[in-house]
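Here the structure comes first, spelled out in structure tokens, and everything after it is commentary.
The values are calculated or read from the model by the stated rules, or taken from the named source; none is laboratory data. Note that the coordinates shown come from a computational prediction; the quantities given were computed from them, not determined experimentally. Here Cβ is always computed from backbone atoms with ideal geometry, including for glycine, and neighbour counts include all displayed protein chains.
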Amino acid sequence: MDSLTLKVQGGAEEPYILKFTKHDNAIKGECNCTAGVYGKLCKHKLSLVSGSLDSLVDSEYSKEEISNFFENSTLKEMILEYAQLQENAADLKKKLNKIKNKIEKTFKNG
Ligand SMILES: [Zn+2]
């Protein structure tokens, strides 16, 4: 399988259409959502490649086929790293807010 067309239910009434093609382990992909048409990393590409298939509609492929398509690709590796960094960033943001609140309290109450 060297190409994959998937439909995902997003915010709009009509599902978004994502098309992926693969040569060796290099994957290209596009999505027709507002961000996707400008070549941005939209949440649809992100979630499909990282294996979250909950919003998939009318799929002619099994979850296993979809997952196998992205397996061992540079794209998948990068997206997993991106997701991990986002988690780290959320963690840091929590820590920042905590220390900020402490500082504000200290300014107020000594
Ligand atoms: Zn999209």
Within the set of pairs 6+ apart or on separate chains, which have a first residue in segment 1-20 that is within 15 Å of Glu65 (Cα to Cα), a second that is within 12 Å of the ligand (Cβ to nearest atom) and charged (D, E, K, R), and C-beta atoms under 6 Å apart?
Thr5/Lys19; Lys19/Glu30
So Glu60 fits all but one of (1) near the ligand (Cβ under 10 Å from one of its atoms); (2) more than 14 Å from the chain's Cα centre (by Cα); (3) assigned to a loop (DSSP other than H, G, I, E, B); what number is the exception?
(1)
Among (1) under 21 Å from Met1 (Cα atoms); (2) part of a helix (DSSP H, G or I), which single condition is Ala90 missing?
(1)
Under the condition of being within 10 Å of the ligand (Cβ to nearest atom) and not β-branched (Val, Ile, Thr), which residue from segment 34-44 is nearest to the chain's Cα centre (by Cα)?
Lys43
Residues satisfying the stated conditions in segment 18-28, i.e. surrounded by 20 or more Cβ atoms within 10 Å (Cβ to Cβ) and either over 14 Å from Leu48 (Cβ atoms) or more than 10 Å from the ligand (Cβ to nearest atom) (or both):
Phe20
Does Glu87 fit the bill of being more than 27 Å from His23 (Cβ to Cβ) and under 13 Å from the mean Cα position of the chain (by Cα)?
yes
Spot the failing condition for Pro15; the list is (1) within 16 Å of the ligand (Cβ to nearest atom); (2) of a type outside the set (Lys, Arg); (3) under 15 Å from the mean Cα position of the chain (by Cα); (4) at pLDDT 95 or above, and only one is missed.
(3)
Consider Ser47 carefully, then state whether it is within 15 Å of the ligand (Cβ to nearest atom), of a type in the set (S, T, N, Q) and either touching a residue at least 24 places away in the same chain (Cβ under 8 Å) or not in a strand (DSSP E or B) (or both).
yes
Within segment 22-33, restricting attention to residues that are at pLDDT below 95 and in a loop (DSSP other than H, G, I, E, B), which residue is nearest to the chain's Cα centre (by Cα)?
Asn25
Over segment 33-49, the set of residues surrounded by 17 or more Cβ atoms within 10 Å (Cβ to Cβ) and more than 22 Å from Glu64 (Cα to Cα) is Cys33, Gly36, Cys42
Looking for something under 15 Å from Leu75 (Cβ atoms) and surrounded by fewer than 17 Cβ atoms within 10 Å (Cβ to Cβ) - is there at least one such residue anywhere in segment 7-17?
no
